[in-house]
């Protein structure tokens, strides 16, 4: 029987744990919860594929010292940090022990991102399947001004990857219109991740609230 993704989630806030727990269990992820870094250190030997950590005290030196100890326990296990403070991304890069994801993000986006971070033969996901494509899209700020034509590189029911020649602000809500033949598809979502490709283009992860328009576009792409 194929493996499932085994995640150790370090999250001190019960309400956040509950939301993520419901989403991950719905996708058949094997989730173990820890309430602190010290708690996680006692659990990490249990062969996890990934550790998901909510940064709450980025300015505390002892926090990063404990995280280095956590990483040293299992050096090959990826650490994924998330926070609503943009400054924390630079701290994560400086410490050099993990990957950073911005919030707010939808539970759909986080599960999609975790699937892409861990690739192992035989691993089984019930996450949304992506369709790789190269679609021209007209993009504008939701309810506001247009910001030009950009390219969609892949799309799933929960989000898409958008390539833009210019930089876009994080946490911006976008309206994305795609024309396929005589049909128009209007997708609405938030920028939840950003990185720069080797060719200089800016790549943005977009998370959808409503998956119905994306499913219709995917059906069109498959036909």
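The values are calculated or read from the model by the stated rules, or taken from the named source; none is laboratory data. These numbers come from a predicted model, not from an experiment. Cβ: placed from backbone, ideal geometry, glycine included. Neighbour counts: every protein chain shown.
Do we have any residue at all in the range 148-157 that's out of contact with any helix residue (DSSP H, G or I) (no Cβ under 9 Å at 6 or more places or on another chain) and closer than 23 Å to residue 85 by Cα?
Scanning the range 148-157, I find no residue that is out of contact with any helix residue (DSSP H, G or I) (no Cβ under 9 Å at 6 or more places or on another chain) and closer than 23 Å to residue 85 by Cα, so the answer is no.
Does any residue of the range 172-183 turn out to be modelled with pLDDT under 85, within 26 Å of residue 80 (Cβ to Cβ) and outside the structural domain of residue 53 (by TED's automatic domain parsing)?
yes
Counting just the residues of the range 68-86 that are over 18 Å from the mean Cα position of the chain (by Cα) and touching a residue at least 12 places away in the same chain (Cβ under 8 Å), which one comes out nearest to residue 39 (Cα to Cα)? Explain how you work it out, then say what you get.
In the first step, residues of the range 68-86 are kept if they are over 18 Å from the mean Cα position of the chain (by Cα); the result is 68-76.
Checking which are touching a residue at least 12 places away in the same chain (Cβ under 8 Å) leaves us with 68-71, 73-74.
Details: 68: 14, 69: 12, 70: 10, 71: 13, 73: 13, 74: 15 Å.
Applying the filter and picking the extreme gives 70.
Among the residues in the range 103-114, are any exposed (fewer than 14 other Cβ atoms within 10 Å of the Cβ), at pLDDT 60 or above and either over 15 Å from residue 204 (Cβ atoms) or touching a helix residue (DSSP H, G or I) at 6+ places or on another chain (Cβ under 6 Å) (or both)?
Within the range 103-114, not a single residue is exposed (fewer than 14 other Cβ atoms within 10 Å of the Cβ), at pLDDT 60 or above and either over 15 Å from residue 204 (Cβ atoms) or touching a helix residue (DSSP H, G or I) at 6+ places or on another chain (Cβ under 6 Å) (or both).
Check the range 147-158 and report whether any residue there is touching a strand residue (DSSP E or B) at 6+ places or on another chain (Cβ under 7 Å), within 17 Å of residue 101 (Cα to Cα) and either crowded, with 19+ Cβ neighbours inside 10 Å or without any contact (Cβ under 8 Å) to a residue 40 or more places away in the chain (or both).
Looking for residues that are touching a strand residue (DSSP E or B) at 6+ places or on another chain (Cβ under 7 Å), within 17 Å of residue 101 (Cα to Cα) and either crowded, with 19+ Cβ neighbours inside 10 Å or without any contact (Cβ under 8 Å) to a residue 40 or more places away in the chain (or both), one finds at least one in the range 147-158, hence yes.
The rows are residues; the columns are (1) touching a helix residue (DSSP H, G or I) at 6+ places or on another chain (Cβ under 9 Å); (2) at pLDDT below 75.
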position	(1), (2)
54	yes, no
64	yes, yes
72	no, no
79	yes, no
84	no, yes
89	no, no
100	yes, no
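A quick yes/no check of all residues on (1) surrounded by 14 or more Cβ atoms within 10 Å (Cβ to Cβ); (2) under 12 Å from residue 163 (Cα atoms); (3) under 16 Å from the mean Cα position of the chain (by Cα):
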residue: 179; (1), (2), (3): no, no, no
residue: 185; (1), (2), (3): yes, no, no
residue: 190; (1), (2), (3): yes, no, yes
residue: 200; (1), (2), (3): no, yes, no
residue: 213; (1), (2), (3): yes, no, no
residue: 218; (1), (2), (3): yes, no, no
residue: 222; (1), (2), (3): no, no, no
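Right, residue 194: assigned to a strand (DSSP E or B) and at pLDDT below 80 or not?
yes
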